[in-house]
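Notes to accompany the following structure.
Here, each number is a calculation from the coordinates, and none is a lab measurement. Keep in mind that what you see is a predicted model, and the values were worked out from it rather than measured. Counting neighbours? That spans all protein chains shown, and the Cβs are built from the backbone with ideal geometry, glycine included.
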Ligand code: B12
């Protein structure tokens, strides 16, 4: 019930109601539990509804932003965050289109993960070097152009296979429009929507520590 | 039925009648570079290259239109932006030219004559027209004033504008409309037969329909009124079913449809109002075998052809660079073999 109310406040972009619902939940259950029981299910439901054609991308983006801002505001009220959870590297690979990355970042942050943003237009070698140097346990990559997706093989290779290498999670329009593309490129973790970012983060890294 | 020219075929189909066979459009924008052994940047740098390749490819595959379009970021170059070229895909727009919404208070609409890239495009259309004559339609492209801002501002800032600052939104629309109209009409004057009006933001996959109705829909109605030739609205592979009723009221002749939607349903929803153009999956086509190609084309013919009103094409309006020549050849041959009425079935 509460999740539904939260979701509809997000979709109608009612920032005040979003803030109030979050505040109540935080006071009642504590930070971690509020994220767990309210934010994550709402963001996942919104992503899934977009995947199924019932919501528009603009709504996914706006709800992610509003949620992230509301959380930031509450956390600031409470004093600075103690960020100890796993860090996830995030980048736009080869091309310049940043909206996918922004949406994924909002959803991850709102779900309690720390995000290390590497920017856009990076080639395989540069991105692998950055991610390996930072020892991120997971690297999420967004692409919009097919030719960028094709070069992901090189990124996979550059990251190597030793146990220290981050888990590579990819997503973006070419993977959605051609569901067999990920398999063809030998990529295991392919996200259909931003909701899948949470799914993979939890699957490989577990639930984040309190922020 | 007597043999038709490509132009008669397309016009008959778009008048919702059956032509001598189903017309097909191969949007081979990038493949011309391969055809001439040039890099993509070299290829687009001269009108003569594009014209030569377009004509050669049309003669080889027998498709029913010539494409006068180079790449979407050329319009962005007209606004002072940068196009980034790569070796194995389409050029993309670089950094947004407007870094904040305040920049929209001082807009200056670029002049078509002042942009070398657009002048090259016009020259392509002129030369195609003089070489190909009247029998083959020449398709131009114009980005809708409503979708161009994704490049001008970046997608996120544009959504902030759309949701948060309607006054500046309309300022930008007014400027973009002046530009789009001038650009569209210059192409028609140069010899383009029709224009694809690219408006992916009109898709229900992109923005909610109540928002479209009060923004992009009004922009489309107003802009298309000022474009003095036929248009095909293309949502660049986004879903269309939820917006067909509105698009049908904008004054456009046809709609480019997504591979994720059923052609039979699309045809019945568009019947008599909009021609349907599509919907082979260009991204999947990169790896299609000959058998898969034939199957996909025949299925589209069976579903789309009855009663006319259908032009076979891809779902986006551009075949990706990686689509092999063999697949394009099989596609074309399948339409020639199975495209006569009753199309797609085992009559031949
Ligand atoms: C809107 C649009 C346009 C607009 C604006 C594009 C832009 N952003 O700059 C305009 C009209 C300008 C345009 C132009 C072009 N476009 Co366009 N366009 C689209 C469209 C409809 C949506 C693209 C978009 O921005 N979506 C928003 C992003 C956020 O969506 P998304 O990537 O799917 O992300 C979601 C999920 O995939 C997921 N996700 C994304 N990343 C990640 C990462 C991880 C880790 C996870 C878990 C999830 C995840 O979360 C997001 C939200 O849920 C798509 C087709 C489509 N139906 O998607 C074509 C598409 C992107 N365009 C395409 C092309 C080719 C072009 C052009 C190059 C054409 C040309 N020759 O000029 C130009 C270049 C534009 C430029 N910037 O220079 C192709 C790209 C594929 C290819 N063939 O290479 C597409 C896919 C169409 C197609 N079916 O082929 N386009």
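List of remarks:
- Per-residue Cβ neighbour rank within 10 angstrom, fewest leading, A:103, B:97: B:97, A:103
- Pairs of Cα atoms farther than 16 Å apart, segment B:81-209, %: 68
- A Gaussian network model of chain B, with springs between Cα atoms under 10 Å, assigns the largest mean-square fluctuation among B:236, B:13, B:174 to B:174.
- Between residue B:210 and residue B:15, the FRET efficiency estimated from the beta carbon spacing at R0 = 30 angstrom works out to 0.35.
- Compared with the rule-of-thumb size 2.2 N^0.38 Å for a compact globular protein, chain A has a Cα radius of gyration ratio of 1.01.
- Each residue in B:93, A:25, A:37 was given a count of other beta-carbon atoms within 10 angstrom of its own, and listing them fewest first yields A:37, A:25, B:93.
- Acute angle (nearest 10 degrees) that the helix A:15-29 long axis makes with the longest principal axis of chain A, alpha-carbon atoms: 80
- Relative contact order (%) - segment A:1-135, alpha-carbon pairs under 8 angstrom, separation at least six: 24
- Cα gyration tensor category, rounded, prolate or oblate, for segment A:87-205 with a/c compared to 1.5: rounded
- Here the contact order of chain B, divided by its residue count and restricted to Cα pairs under 8 Å and six or more residues apart, works out to 21 percent.
- Calculated Rg and Dmax of segment B:1-77 using C-alpha coordinates, Å: 14.8, 46
- Take each residue of peptide A:52-63, count the partner chain Cβ atoms within 10 Å of its Cβ, and average: the result is 5.
- Burial ordering of A:65, A:114, B:60, fewest other beta-carbon atoms within 10 Å first: B:60, A:114, A:65
- Global geometry of segment B:254-348, whether rounded, prolate or oblate, following the gyration tensor of its Cα atoms and the 1.5 cut on a/c: oblate
- Estimated from helices alone, the mean residue ellipticity of chain B at 222 nm is -13500 deg cm²/dmol (sum of -39500 (n - 2.57) over DSSP H runs with n ≥ 4, per residue).
- Quotient of C-alpha Rg and 2.2 N^0.38 Å, computed over the protein assembly as shown: 0.99
- Counting DSSP beta bridges with both ends in chain B, the antiparallel % (nearest 5): 10
- Take the Kirkwood radius over Cα pairs of segment B:150-204, plug it into Stokes-Einstein at 25 °C and 0.890 mPa s, and you get 190 µm²/s for translational diffusion.
- Förster-model FRET efficiency, 35 Å R0, residue B:60 and residue B:82, C-beta, rounded to 0.05: 0.55
- Segment A:157-208 and segment B:60-103 have Cα centres separated by 29 Å.
- Averaged over the residues of A:99-109, the number of partner chain Cβ atoms lying within 10 Å of the residue Cβ comes to 1.
- Packing, as the average of other Cβ atoms within 10 Å across residues, places the peptides A:124-131, A:157-164 in the order A:124-131, A:157-164, highest first.
- Cubic angstrom per residue, convex hull over Cα atoms of chain B: 117
- Nitroxide proxy distance, nm - points 7 Å out along Cα→Cβ at residue B:271 and residue B:39: 5.3
- For the residues of B:154-160, the average number of beta carbons from a partner chain within 10 Å of their own beta carbon is 5.
- FRET efficiency, 1/(1 + (r/R0)^6) with R0 30 Å, evaluated for residue A:188 and residue A:37 via beta carbons: 0.50
- Degrees between helix A:57-77 axis and first principal axis of chain A (Cα, 0 to 90, nearest 10): 60
- Value of D in µm² per second that Stokes-Einstein yields for segment B:1-152, Kirkwood Rh from Cα pairs, at 20 °C (1.002 mPa s): 126
- With the simple spin-label model, which puts each label point 7 Å out from Cα in the Cβ direction, the residue B:1 to residue B:131 separation comes to 3.0 nm.
- Chain B: angle of helix B:155-164 to the longest principal axis, Cα-based, in degrees nearest 10: 60
- Comparing A:88, A:46, A:16 in a Gaussian network model of chain A, where Cα atoms under 10 Å apart are tied by springs, the biggest mean-square fluctuation is seen for A:16.
- Cα-based shape type of segment A:2-77, given that a ≥ b ≥ c are square roots of the gyration tensor eigenvalues and the cut on a/c is 1.5: prolate
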